[in-house]
Amino acid sequence: KLRFERSADGINSRIVSQSLQDLYNQSKVSFQVADVESLTSVFKSDDDSGNVKTFDTIIDTFGLCVFPNPEKALAQARELLSPGGQLLLLEHQDSTVAKFLSPTRSLSEVSKSCRYDDDVKGLVRSAGFSDIEFVDLA
């Protein structure tokens, strides 16, 4: 388990008891490259049961806007969550700012790769998540 210490500003925190490198060296954490739309095939159980491994928490930061099919990505996340598990997203929701920037989408390759006007709340709901809490940060 990681122990976090919150900074004086109450926003930032840091791991104080164990580094990510230590966890990796101890085989307690691993990194994998995989297709976000096929995660259940990547996280199959080590036995022959056909079950998938599950997670207490899944975190995604600004990924939904670049996934080709965010609905499938969210459905995969829901399947991989343990009962009572949580999905934590940091995403930009369709907003007035996004509507204002929409005409700029074609100005660069970078802007074409991110759909900053996705209806994230709608995507999460349509993926079957319940007990949802949204917090607007801007």
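The values are calculated or read from the model by the stated rules, or taken from the named source; none is laboratory data. Note that the structure is predicted; figures quoted are calculated from it, not measured. Note: ideal-geometry Cβ built from the backbone for every residue, glycine included; neighbour counts use all protein chains shown. Calculation scope for accessible area: heavy atoms of the full protein, side chains included, ligands and nucleic acids excluded. Shrake-Rupley method; radii C 1.70, N 1.55, O 1.52, S 1.80 Å.
Listed by first and then second residue, the pairs with beta-carbon distance under 6 Å, at least 6 apart or on different chains, first residue in the stretch 72-98 and modelled with pLDDT under 90 and open to solvent by less than 50 Å² (accessible area, probe 1.4 Å), second among the charged types (D, E, K, R) and not in a helix (DSSP H, G or I), are A98/D117.
Note on the stretch 15-37: among residues that are within 20 Å of the chain's Cα centre (by Cα) and surrounded by fewer than 11 Cβ atoms within 10 Å (Cβ to Cβ), the one that is modelled with the highest pLDDT is V33.
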